[in-house]
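Student: This is the structure I want to talk about, given as structure tokens.
Each reported figure results from applying straightforward, stated rules to the coordinates on display, with no laboratory input. Model, not experiment: these values are computed from the prediction. Glycine gets a Cβ as well: all are built from the backbone with ideal geometry, and neighbour counts include every protein chain shown.
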């Protein structure tokens, strides 16, 4: 009973008892009858409610928000429909995907009654029916989906469930607002296998990236070697800079190869460059020195480290 009806009934009953106490018994009985009539006929619906009223078994009307009156005995309120958005949680346990993987899926559906007349008259219990339809549709969707698609394309699965459930509940006056999959649980052994697969893919990517970086670095080193080959003094300056960078830290003991120290000797660098055939004057000086050594009886060195037979000293001489 709504507050307004309760207040009117209370006033009428109180007045009836007061009149009966003062001796007006007939008037008091009439007030009690009026109170009973008001309690049975005066109804009030909230803004989110719909009252489905039957008159002698036939649909009389669907009343909305506010006060309204029905005829007692003839009229009856068979259903009070809540028009607000409702939520129903449902799940599917050990449902097999298309690739025969058992999964447990939890989801929730948001729905509301769009047509109160159909919800009251077309089905016995629309709340229970929505739960059953949602579970059936969820199992059908899982059975037609691959596990990878079910895990990655949640939005597509939600939209598919919304359409399927909405088509089944539309004849009952139920409109589905949205469906959301909350969790997809897979067996622990499969989780470990998928984790190892993901780790292997990450390692593969890391190695590919490392190989690309090594190739890029090697290309830069080749370019630098070409520059240093044409400019030996640049290589000498680079060696000096490396030595400076390694020795500027105090309190450190550094072992340095002798070849690096020799690279700082201009005469050694000039001789090495001359032997490579890049300095004609140095070549002439090297040839004179070689002839002098032969004159003294020292064998001259060939390119591969062997001695020339025609310049070996003659033992008979």
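Student: Between residue 198 and residue 117, what is 0.36 nm times their sequence separation minus the Cα-Cα distance? Round to one decimal in nm.
Tutor: Values: separation 81, 0.36 × 81 = 29.16 nm, distance 5.35 nm.
Taking 0.36 nm per residue and subtracting the Cα distance, the gain is 23.8 nm.
Student: Could you work out how far apart the two model spin labels at residue 208 and residue 151 are, taking each label as a point 7 Å from the Cα in the direction of the beta carbon, and quote it in nm?
Tutor: With each label point 7 Å from Cα toward Cβ, the separation is 1.9 nm.
Student: A further question follows. Find how much the distance from residue 49 to residue 223 grows on full extension, using 0.36 nm per residue of separation minus their present alpha carbon separation; answer in nm with one decimal.
Tutor: 54.5 nm
Student: Sort 5, 97 so that the residue with the fewest other Cβ atoms within 10 Å of its own Cβ comes first and the one with the most comes last. Before the final figure, lay out the partial values.
Tutor: Numbers: 5 18, 97 22.
Result, fewest neighbours first: 5, 97.
Student: At q = 0.17, 0.24 Å⁻¹, what is the base-10 log of I(q)/I(0) for region 35-150 according to the Debye formula with one equal point scatterer per Cα and no solvent? Please give it to two decimals.
Tutor: Taken in order of the listed q values, log10 I(q)/I(0) reads -0.85, -1.26.
Student: May I pose another question? Give, to the nearest whole percent, the P(r) tail of region 57-123 beyond 16 angstrom, counting all Cα pairs. Walk me through the intermediate numbers first.
Tutor: Values: 1460 of 2211 pairs.
Counting pairs separated by more than 16 Å, the tail of P(r) holds 66 percent.
Student: In whole angstrom, how far apart do the alpha carbon centroids of region 3-61 and region 95-130 sit?
Tutor: First find each Cα centre; the distance between them is then 40 Å.
Student: Starting from the 7 Å offset along Cα-to-Cβ, what nm value, one decimal, do you get for the label separation of residue 14 and residue 131?
Tutor: Rounded to a tenth, the inter-label distance reads 4.4 nm.
Student: Hey, another quick one. FRET efficiency for residue 71 and residue 159, Cβ-Cβ distance as r, R0 = 45 Å, nearest 0.05? Provide the component values of the computation, followed by the final result.
Tutor: Details: r = 48 Å, r/R0 = 1.06.
With R0 = 45 Å, the Cβ-Cβ based efficiency is 0.40.
Student: Taking only the alpha carbons of region 86-186, what extent do you get along each of the three principal axes, in Å, biggest first?
Tutor: 43, 21, 18
Student: To the nearest 0.05, what FRET efficiency results for residue 24 and residue 170 with a Förster distance of 51 Å applied to their C-beta separation? It would help to have the intermediate numbers written out before the result.
Tutor: Values: r = 60 Å, r/R0 = 1.17.
After rounding to 0.05, the efficiency reads 0.30.
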